[in-house]
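First the structure, in the form of structure tokens, and then the observations on it.
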Amino acid sequence: MTRSAKEIQAFTRLLQARRLKLTTERRTLLDEVLQTRRHFDSDSLYEKLRCKGVRVSRDTVFRTMPLLLECGVVQKSVGDGRCEYFERTSIKGHHDHMVCNLCGKVIEFSSEKIERLQEALCAEHGFRMLFHDHRLYGHCRECDRK
């Protein structure tokens with residue numbers, strides 16, 4: 001099964017579990033996300049669809065993004081701080097971010113230790129995690145030397 005097929009399946013399962021329909025608008029939105037290779041925000045996704053002549057409401061885009069996040073098709077990413085940014089999880093796999101407060105550099109990282117610790121903490125507290133957004137803010141090596 002291809003990555004895209006797995007992502008479509010995950011989204012469809014979530015919609016079924018929520019008793020929501022895979023409407024034409026949601027499917028079109030999903031297809032556009034699956035073609036996206038860069039970080040994006042909901043407004044730019046809406047504008048991109050609109051420029052292509054696709055009829056989809058801004059509300060549908062903003063209501064669908066949390067569903068795509070929950071089923072793992074996208075994850076939160078780092079942007080300019082004015083809005084929430086997303087990226088497809090399947091392109092680089094799940095990862096987290098370190099952000100330099102001085103120069104804006106973003107370092108992507110993965111840590112099995114952090115992932116296991118989060119799962120253990122959730123189990124300890126009886127919490128069912130759907131997704132997470134882990135960001136560390138500070139100074140990168142280059143800025144720290146200055």
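For the range 25-46, the candidate set comprises residues that are polar (S, T, N, Q) and over 12 Å from Y85 (Cβ atoms); within that set, the residue that is surrounded by the most Cβ atoms within 10 Å (Cβ to Cβ) is T28.
Looking across the range 86-144, the residues that are among the basic types (K, R) and farther than 28 Å from S44 by Cα come down to K113, R116, R128, R141.
Does V54 count as in contact (Cβ under 8 Å) with a residue 40 or more places away in the chain and either among the hydrophobic types (A, V, I, L, M, F, W, C) or surrounded by fewer than 18 Cβ atoms within 10 Å (Cβ to Cβ) (or both)?
On the way: in contact (Cβ under 8 Å) with a residue 40 or more places away in the chain: no; either among the hydrophobic types (A, V, I, L, M, F, W, C) or surrounded by fewer than 18 Cβ atoms within 10 Å (Cβ to Cβ) (or both): yes.
No, not satisfied.
For the criterion of being of a type in the set (A, V, I, L, M, F, W, C) and closer than 21 Å to S4 by Cα, V99 fails. Per the conditions (1) closer than 28 Å to V106 by Cα; (2) basic (K, R); (3) surrounded by fewer than 13 Cβ atoms within 10 Å (Cβ to Cβ), the sole criterion not satisfied by K21 is (1). Looking at the range 10-33, can you tell me whether even one residue there is under 30 Å from R141 (Cβ atoms) and out of contact with any Ser or Thr (no Cβ under 9 Å at 6 or more places or on another chain)? No, the range 10-33 contains no residue that is under 30 Å from R141 (Cβ atoms) and out of contact with any Ser or Thr (no Cβ under 9 Å at 6 or more places or on another chain).
Within the range 11-18, is there a residue that is under 15 Å from F86 (Cβ atoms) and modelled with pLDDT of 95 or more? For the range 11-18, residues under 15 Å from F86 (Cβ atoms) and modelled with pLDDT of 95 or more: present.
The values are calculated or read from the model by the stated rules, or taken from the named source; none is laboratory data. Please read all numbers here as calculations on a predicted model, not as lab measurements. Note that we place each Cβ from the backbone using ideal geometry, even for glycine, and neighbour counts take in every protein chain shown.
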